Amino acid sequence: MKVTIFQTDVRWARPEENVENVQRLLESNSGADLYVLPEMWATGFATTPHDIAEKADSVALQWMRETAVKHSCALSGSLLIETADGLYRNRHYFVTPGGCRYYDKHHLFTYGHEDEFITPGADHVIVSWRERRFLLLTCYDLRFPLWARYGMAGEYDAIIVVANWPESRQQAWRILTRARAIENQCYLIGANRVGDDQYCHYRGESLVCDSKGDTLGEATPDRQQALTVTLDFDKLDHVRRRFKVLDDRDHVLMGNTFA
């Protein structure tokens, strides 16, 4: 499966310009099965969503829907959405030609006050695309291994994590992405932004790594670009059959012990 990450420099609160930007990247990098964009790729990471959040029929989501149909591909990325009932959600969409599913970010970034206005999601979401299963995560979720744990979250072949992960905590991004892939014996696709907003500098270092934590592709720091990697899921199946780490995992947390 051919996967392309768009490591973009996000314009603050300018969804139309951000859509035009990723459209240009796509035109130069056509032919992927799956395109992955950063967290809140149409607006930037806004913890005070008033006058910034898009409606559910946003221009960015409409672009994702139209692009999935036109290019017979899937697209993954989060948007800041105001729902019909007036709630704000950091909503990670996975769009295919056949429709759309979404995951609402569960672990809100309290250090950055994301929890003050945005409502967390309660459910894991695993999507299927071309006979493979993807667990959807968003940024801060990466720090919580139990939430992502294979079997507890469900069964999957790859994790997609979309992020606005700042340079000040870049080492954590490097380590946690590989750790989630190793402990869940899966591929990990991590899309991070570059550039600056009023709060942080973003270095990027978007990547794809395999179940051993080996880097299959990594974007150049501080540079907007498209990163394309081909995932060999037959190889992953072979590794899982031969080295059955997941069979020996802890299954149920009971009190302070695992059963």
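So the values come out like this:
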item	result
Filter result for the condition that a residue is modelled with pLDDT of 95 or more, acidic (Asp, Glu) and surrounded by 12 or more Cβ atoms within 10 Å (Cβ to Cβ), over ASP222, ASP214, ASP234	ASP222
Residue satisfying all of: in segment 27-72; over 24 Å from HIS106 (Cα atoms) and touching a Pro at 6+ places or on another chain (Cβ under 8 Å); most open to solvent (accessible area, probe 1.4 Å) among these	VAL69
Among residues of segment 1-16, those that are open to solvent by less than 70 Å² (accessible area, probe 1.4 Å) and outside any strand (DSSP E or B), counted	5
Any strands (runs of 3 or more DSSP E) falling wholly within segment 78-158 and containing at least 1 residues that are in contact with a Phe, Trp or Tyr (Cβ under 8 Å, 6 or more places away or on another chain), more than 26 Å from ALA172 (Cβ to Cβ) and not charged (D, E, K, R)	88-96, 99-104, 126-129
Odd one out for TYR187 among (1) free of Cβ contacts under 8 Å to residues at least 40 places away in the same chain; (2) within 20 Å of ASP234 (Cβ to Cβ)	(1)
Single residue of GLU54, GLU16, GLU20, GLU114 found to be touching a residue at least 60 places away in the same chain (Cβ under 8 Å), within 21 Å of ASP197 (Cα to Cα) and among the acidic types (Asp, Glu)	GLU114
Restricting segment 143-163 to residues that are open to solvent by less than 10 Å² (accessible area, probe 1.4 Å) and touching a residue at least 40 places away in the same chain (Cβ under 8 Å), the residue that is nearest to SER78 (Cα to Cα)	VAL162
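The values are calculated or read from the model by the stated rules, or taken from the named source; none is laboratory data. What you are looking at is a predicted structure, and each value in this text was computed from that prediction instead of being measured. We place every Cβ from the backbone using ideal geometry, glycine too, and count neighbours over all the protein chains shown. The protein model used for the area step is the full one, side chains on, heavy atoms only, and it has no ligands, DNA or RNA in it. Shrake-Rupley method; radii C 1.70, N 1.55, O 1.52, S 1.80 Å.
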